[in-house]
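Written out below as structure tokens is the structure these notes cover.
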Amino acid sequence: MLVIVFGVPMLEGALAPFLPAAFRPDLPLLVVFALALAWRNTATGLVLAAVCGFVVDLFSGALLGQHALLSVLAFVASRVLSQRVSMIGALPQIVFAAGLTAVHAIGVVGLTTFFTPGADLALLRPGVVLPRVAVNALAAPAVNAIVATLVTWVSGEETGRRPLRIATRSYVP
Amino acid sequence: MTEIRSRVLLAGLTALLAGFALVNMVVDRRALAQGGRELSWWSGLALDVAVPIQKFVAIPFEIARVSWGEYIALQGVRRENGDLRGKLAESEDENLQLREALLASGRLDRIAEMREEFDVPMLRANLVGLDASTWFRSVLIDRGRNHGVHSGMPLISELGVVGLVTATSRNAAKGMLLLDRQSAVSAVVQRSRDRGVVRGTGDGLVFEFVGRDADVAPGDLLITSGLGGVFPKGLRIGVVATVEEASAQLQREATVDPVVDFGRLEQVFVMLRRSSTMDLLYATEGGDQPDPAPGAKSGP
């Protein structure tokens, strides 16, 4: 999976000349989201998300650590939500990816603004954010399916399905 | 009990990773504020290892792009050739007339000085990839400190200004494009000599200038003013597309079409000269900014 988290930011960079930024899926973010759904071990998933973010930082004009921090938070948010809401099926994945992209956009611009004197939040215009939200939302199910398949192939077990927890409470008559 | 311990450990790991990222951001920001950054050994090593892989990943896309470009180019090559020959002849005539005019006005000395300013060793570098984030505009090049490239050096192409080197490793470097929202460069209108600042908007450029009577019109060529010492004066930046109507506000804006096609960049030249006024690069807005250059932070 390290190959994936290293390779995806590079793929994103290779795609950049062909697709305008607004219409290019944020593959590293979507892969982190997919890992949160499919990767069984939370601890290694967190590390993978952080590594993916750091590679994006290395290959972008962002501050080193900016995407790493956001990737860790995105992983945690996706993991926590997926434990409470069923993410099986395209619709919940689309809805959550849309929300995650919007929050991620606020995070990127907010962190840049915070760390950069004189910066503003002008980039958070609907015209800038909404196309990204739409593209990521539409791409999320496909990325999830690919990552789930790869995780299955790597770990040799069925993923994307969490063990069912049965609430056991002693019966008191 | 085991579950509680597991949750505590996960919370601790999350805090550790987030803290590490935050510390890196603070360190990186501080390095930027001091005029550029040489990447730490581990991130530099990661970048050096990643650059050849990135080249490999980009090969299929590059083949597709070149093939498509050549196919499209072939379609109108004959007509374009004829047009270009005509334009070349016109340019030669115009060039001759301008030389005569310059001779007459005694400005050839100035041109000689400009040549000296441009007499900077340049290093050709290949673009390895564009920004991996959709929120920034930067490039990765395959030349680094081992080749004499350092933060703050200008990146240009044969057409004009491309950007500025912002981080280096031993064999690679990151450059911020002129399009980036954090980029700003002092510019002058070639025709009227009105001055202003060209800023990146993410997808394009705007020219901010002062004065209701400023003479800026669509079609005007914007060139670097060279006052900050980062870029030599006279490098082409872009052509004014539309100009905001004069209003009560003193500051006006014009949209600019960059002369460099950033989507088709394959090679750039690094000007192997670092300005002695790099401390001006990251000056805050609102203060006295005689020449904000690429890197003057204004937003993501």
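Across peptide B:48-60, the average count of Cβ atoms from other chains found within 10 Å of a residue's Cβ is 3.
Each label was represented as a point 7 Å from its Cα along the Cα-to-Cβ direction; for B:Glu94 and B:Ile59 these points are 4.3 nm apart. Across peptide B:21-31, the average count of Cβ atoms from other chains found within 10 Å of a residue's Cβ is 6.
Distance from the Cα centroid of the range B:196-211 to that of the range B:149-170 is 20 Å (rounded to whole angstrom). Solvent exposure of the range B:113-267 amounts to 39 Å² per residue of accessible area, where only protein heavy atoms count and the probe is 1.4 Å.
Shielding of peptide A:49-57 by partners, expressed as the average count of other chain Cβ atoms within 10 Å per residue Cβ, is 4.
Using 0.36 nm times the number of residues separating A:Asn41 and A:Val80, minus their current alpha carbon distance, what extension gain do you get?
Values: separation 39, 0.36 × 39 = 14.04 nm, distance 1.33 nm.
Difference between extended and current length: 12.7 nm.
For the B and A pair, go ahead and give the buried accessible area with a 1.4 Å probe, both sides summed, in Å² to 100. When B and A are taken together, about 4600 Å² of accessible area is lost. Across the range B:194-210, rounded Karplus estimates of 3J(HN,Hα) from the backbone phi angles (6.51 cos²θ - 1.76 cosθ + 1.60, θ = phi - 60°) give 6, 9, x, 10, 9, 10, x, 10, x, 10, x, 10, 10, 10, 9, 9, 10 Hz, Gly and Pro being marked x. Once the chain from B:Ser6 to B:Val66 is taken as fully extended at 0.36 nm per residue, the excess over their C-alpha distance is 16.4 nm. Each helix, a run of at least 4 DSSP H residues, gives -39500 (n - 2.57); summed and divided by the residues of chain A, these come to -23500 deg cm²/dmol at 222 nm. With Cα atoms as the point set, the radius of gyration and Dmax of chain A evaluate to 17.2, 69 Å.
Site-free segments of chain A were taken between trypsin sites (Lys or Arg not before Pro) in DSSP loops having at most 15 other Cβ atoms within 10 Å, sites themselves excluded; the longest one is A:41-160. Less than 5 angstrom separates the built amide H of B:Leu205 from those of B:Val256, all sequence-distant by 5 or more or on a different chain. To put it simply, the accessible area of the range B:211-263 at a 1.4 Å probe is 48 percent carbon and sulfur.
The values are calculated or read from the model by the stated rules, or taken from the named source; none is laboratory data. This is a predicted model, so every value here is computed, not measured. With ideal geometry, Cβ positions are generated from the backbone for all residues, glycine too; neighbour counts draw on all protein chains shown. Just so you know, the surface numbers come from the protein's heavy atoms only, side chains and all, with ligands and any DNA or RNA stripped out. Shrake-Rupley method; radii C 1.70, N 1.55, O 1.52, S 1.80 Å.
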